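Okay, so here's the structure we're looking at.
No value in this document is a laboratory result; all are computed from the given coordinates. Small disclaimer: the values here were computed from a predicted structure and weren't measured. All Cβ positions, glycine included, derive from the backbone under ideal geometry; neighbour counts span all protein chains shown.
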């Protein structure tokens, strides 16, 4: 396990998801102190803990270990996205186009909400 890579990826992904250490701890069924120790590099997660963290952070364990960059599997690790994706495969082309337009709308909305007024 490449410690520095694990440390940086846990912290980076938690921040991408806009989670606090306490929130991540709750979702991963760990203590906030454990998350702090993992992120500071003073403690390394066991395999089972790494698995819990990857589920909570919606990435693969290989990503956290630094063996790969984020990929398609990481997207499907999010239960809501996985359910939506499987359902979308049955949509008509027209419905897929409508869904894509809605996605573009939400992306634009999210960008405008983060920009200063």
Checklist line | Extended-chain gain in nm, criterion 0.36 nm per residue less alpha-carbon gap, residue 16 and residue 88 | finding: 23.4 nm
Notebook entry, point to check: So what's the chain giving for Cα Rg divided by 2.2 N^0.38 Å, two decimals?
Noted result: 1.26
Note to self: What distance in nm lies between label points placed 7 Å from Cα along the C-beta direction at residue 113 and residue 98?
What the structure shows: 2.3 nm
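Give me the extension gain from residue 105 to residue 43: residue separation times 0.36 nm, minus the current Cα-Cα distance, reported in nm with one decimal.
Contour length minus Cα-Cα distance gives 18.1 nm.
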